Amino acid sequence: MAQDQQQQVSAGESPFKGATGLRRIASAARNSLAGLAEAIRCEDAFRQELLLAAILVPLGLWLGATGVERALLIGVVLFVLVVELLNSAIEATVDRISFENHRLAKRAKDIGSAAVLIALVNAVTVWALVVIGR
């Protein structure tokens, strides 16, 4: 398939595809900020984890003795936020499809929730190893 034809197919998949260069970057930044705003407005768990991050990120900068320790302490906190955003997106998508109780919908939501739990356990473990392990 020629390059022109491939670009036309890609652009035809979604009306939101096709912007390039700075317009694409600006559009992506607007969409990202809108997503963050929606998560803050609509997702209780994300708001709680964001509040915790507002405390733990500066604390991680202060408690980390080296650059690597600071990166680990802050990175695991940000990772929890990323996983929570993905979990919220999964939940919103499942709810958009149907509010009907279905085993696959439950499975998708439960797996997303399990990912958040693993991210939280990871964060607690890293913080314990770095801070208490001295």
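The values are calculated or read from the model by the stated rules, or taken from the named source; none is laboratory data. Bear in mind that the values here come from a model prediction, so they are computed numbers and not experimental data. Positions of Cβ are backbone-derived with ideal geometry, glycine not excepted, and every protein chain shown enters the neighbour counts.
Structure notes:
- Check on S88, modelled with pLDDT of 95 or more, farther than 17 Å from L50 by Cβ, of a type in the set (G, A, S) and not in a loop (DSSP other than H, G, I, E, B): no
- In segment 79-122, residue nearest to the chain's Cα centre (by Cα) [restricted to those that are polar (S, T, N, Q) and surrounded by fewer than 17 Cβ atoms within 10 Å (Cβ to Cβ)]: S113
- Filter result for R70 (more than 14 Å from the chain's Cα centre (by Cα), modelled with pLDDT of 95 or more, assigned to a helix (DSSP H, G or I) and surrounded by 11 or more Cβ atoms within 10 Å (Cβ to Cβ)): yes
- Given (1) buried (at least 17 other Cβ atoms within 10 Å of the Cβ); (2) farther than 26 Å from S32 by Cβ, number of the condition V76 does not satisfy: (2)
- Only one of the listed residues (L78, L61, L72) is touching a Lys or Arg at 6+ places or on another chain (Cβ under 7 Å), within 26 Å of G133 (Cβ to Cβ) and free of Cβ contacts under 8 Å to residues at least 60 places away in the same chain. That residue is L61.
- Tally, over segment 15-53, of residues that are more than 18 Å from A89 (Cα to Cα), exposed (fewer than 11 other Cβ atoms within 10 Å of the Cβ) and at pLDDT 95 or above: 1
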